[in-house]
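> Just passing along the structure, written as structure tokens.
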């Protein structure tokens, strides 16, 4: 097993990944509003990092044994995390100031309450009275016995009320900014040639005297604070409750988890700040992160485009696969050949058509599908309900423990059950993370099966922004294994023993270790030997060890890893034959594609599983082999296009410095743009 010095720390590697997202926000070639949205993505990522990873580390503080997955003392690691987060926060504030300045030059102003002209002041007062004031419930902190439990994911105005004539006369208040119910970005009347936006918290700041007029104070100062809580679900042991009831209660209690971070406006007065820390019982060790005037930048992911095409990415028309026209039956196409869709370039409507056709086809007997995350207004769910209404036997596996989607999945499960769908809530002790849809159809009195295996969720919203591969086939070798997967989920007492699918938690690690071993043997025999892996994260120690071994044997290994990578690439005598890049661009690189040279007869897999211990040991995951030669060529083109990227690719090495690739003498090559062109030619 890899020793400490042979591995990058998982948490520090993750922070480097989020640093790449921040780099994209700072990239002058990215449209300005998109840069704001990247700041929102960075912030949202960081929230989840603290809620999950940092919270996990904090729970180990005081435990004498060293954590196996970090090889670090927890307190030391927390200090290093805080140091790096504060540095990133400073860079964040610098980039935000730069973006707002440039937006101003383009006629878009994000202004605060002190910059309003007379007409804007009147509009903001009226807007506040009509839309905001009814939603506000200020808490007078000097009057309450117990300090209120601040909600996770919310922002608050910490307010100091004082008198200009009596310095000792002061009071503190806390006010939740109602961003859940009111748009945070408020358009206001603007001078000619300008578009002005004011944030919701600044509208409230402008009207503070209105709120507190009856208290007799003539001065009010407000500073944004935000508390992040441990997202671990605490399931009680009440046997009288169903798992769903316990999970639902636990999700609700997540808002009251242990604090793991406080971010605050660093201009806050010391007396108010110390008062808050005292009341919340927080110390410096609790990740106190100073920042600027605004927090909860995750909301900036939805910053309005303002009708400005010059400030956002150009509209991207989704491509219809040339074989999948509305005049043809999906099933008749698959009888002749397999089809690969590549999102977001291909339209996700093909996948919905696949399910809709099954829902109304009189020859379709049953539909089985795994759902991990569904869209808010899911057309997939609607198609499944319609199928049940049409007399099809519909089985839906909903993963209740899909982190942060638990509540939505409980809702979908209950709705489907009401419509007569057979709903299964995962497998005890495992998360069902695979993405598989199996359709049974009667043809000439025989059952013929059709299967879709995807690297991404059945979610039409994320399909617009996530890069994924989705295979449709009626190959009996693959459909037979799909049946075994669902049989296992329905009756998990027996090993499914799939023959083509590589299935977690049974085969995945050992299968890919064997494939790497085969490349090592081929290299020693003088045969063609190479490995190319595209995934989100590389953490599993056994697989890292085996990749090091392959590198030492001279096997060429190229990897495209978006997020965490604990393997140290390019280290002499260890990994000099391993190169790793990470691509951060308009679309989130989400697919897992694995290629093994196999002595000149390449093997390809698409997968729902990253090379992470959780994907290999405690999840139901499917890695699907590709047999169609045309689709193998498509995946080869996809991987090579990614590898050629010299615009959005960063080099991942032992230093984690996120350097862009050197492009001396090379023409710019942006893989997402070039792949879109290739697919648009209709060669797919």
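Readers should treat all values here as calculations from the given coordinates under stated rules, not as data from a laboratory. Quick caveat: nothing in here was measured; it's all calculated off a predicted structure. Note that we place each Cβ from the backbone using ideal geometry, even for glycine, and neighbour counts take in every protein chain shown.
> Provide the percentage of antiparallel DSSP beta bridges, counting only those with both residues in the chain; round to the nearest 5.
Around 65 percent antiparallel, to the nearest 5.
> Can you classify segment 330-496 as rounded, prolate or oblate using the Cα gyration tensor, where a ≥ b ≥ c are the square roots of its eigenvalues, rounded means a/c under 1.5, and otherwise it's prolate if a/b beats b/c and oblate if not?
Verdict is rounded for segment 330-496.
> Given a Förster radius of 35 Å and the C-beta distance between residue 357 and residue 301 as r, what FRET efficiency does 1/(1 + (r/R0)^6) yield to the nearest 0.05?
The value I calculate is 0.55.
> What order do you get for 655-662, 430-437 when each peptide is scored by the mean count of other beta carbon atoms within 10 Å, highest first?
430-437, 655-662
> Sorting 171, 83 on the 10 Å Cβ count, fewest up front, what's the list?
Ranking 171, 83 by Cβ neighbours within 10 Å, fewest first, gives 83, 171.
> Additional query: I want to make sure I understand the PRE zone here: with the label point 7 angstrom from the Cα of residue 313 toward its beta carbon, which residues in segment 643-684 have backbone N atoms less than 19 Å away?
643-650, 669-681
> Find the relative contact order for the chain and round it to a whole percent, using C-alpha pairs within less than 8 Å whose residues are 6+ positions apart.
This gives 12 percent for the chain.
> Label residue 659 and residue 521 with points 7 Å out from Cα along Cα→Cβ: what is the distance between them in nm?
For residue 659 paired with residue 521, the spin-label model returns 3.9 nm.
> Here's something else I'd like to know. Rank-order 27-38, 212-223 by packing density, defined as the average count of other C-beta atoms within 10 Å over each peptide's residues, highest first.
So the peptides 27-38, 212-223, ranked by packing, come out 27-38, 212-223.
> Here's another thing I want to ask about it. Any idea how far the Cα center of segment 518-552 sits from the one of segment 559-580, in Å?
Using only Cα atoms, the two centres lie 11 Å from each other.
> For the ranges 638-644, 609-615, 522-528, what's the packing order if you count other beta-carbon atoms within 10 Å of each residue, average per peptide, and put the highest first?
609-615, 638-644, 522-528
> For the Cα atoms of the chain, what angle does the longest principal axis make with the long axis of helix 270-280, in degrees from 0 to 90, nearest 10?
Helix 270-280 sits at roughly 50 degrees to that axis.
> With both bridge residues required to lie in segment 503-680, what share of the DSSP beta bridges run antiparallel, to the nearest 5%?
60
> Additional query: So what's the angle, to the nearest 10 degrees on a 0 to 90 scale, between helix 541-552 and the longest Cα principal axis of the chain?
Approximately 60 degrees, to the nearest ten.
> Here's something else I'd like to know. So how tilted is helix 243-253 from the main axis of the chain? Cα-based, degrees 0 to 90, rounded to 10.
Helix 243-253 and the main axis of the chain meet at about 30 degrees.
> Starting from the Cα of residue 130, step 7 Å toward the Cβ, then list every residue of segment 143-185 with an amide N under 16 Å from that point.
In segment 143-185, the label zone of residue 130 (backbone N under 16 Å from the point 7 Å along Cα→Cβ) covers 182-183.
> When the helix-only estimate is applied to the chain (DSSP H runs of n ≥ 4, each -39,500 (n - 2.57), divided by the residue count), what is the mean residue ellipticity at 222 nm, nearest 500 deg cm²/dmol?
Theoretical 222 nm ellipticity from helices: -10500 deg cm²/dmol.
> Counting only DSSP beta bridges with both residues in segment 330-496, what percent are antiparallel, rounded to the nearest 5?
70
> Just rank 169, 230, 353, fewest to most, by other beta-carbon atoms within 10 angstrom.
Listing 169, 230, 353 from fewest to most nearby Cβ atoms yields 169, 353, 230.
> Tell me, how many Å apart are the Cα centres for segment 6-44 and for segment 267-322?
13
> Further, regarding this structure: Taking the Cβ of each residue in 368, 58 as the centre, tally the other Cβ atoms inside 10 Å and list the residues starting with the fewest.
58, 368
> Ok, one more. When a/c is below 1.5 the answer is rounded, else prolate if a/b is larger than b/c, else oblate, so apply that to segment 503-680 with a ≥ b ≥ c taken from the square roots of the Cα gyration tensor eigenvalues.
Judged from the Cα gyration tensor, segment 503-680 comes out rounded (a/c under 1.5).
> Moving on to the next point. Rounded to the nearest Å, what's the spacing between the alpha carbon centres of segment 626-684 and segment 458-484? Just the number, please.
22
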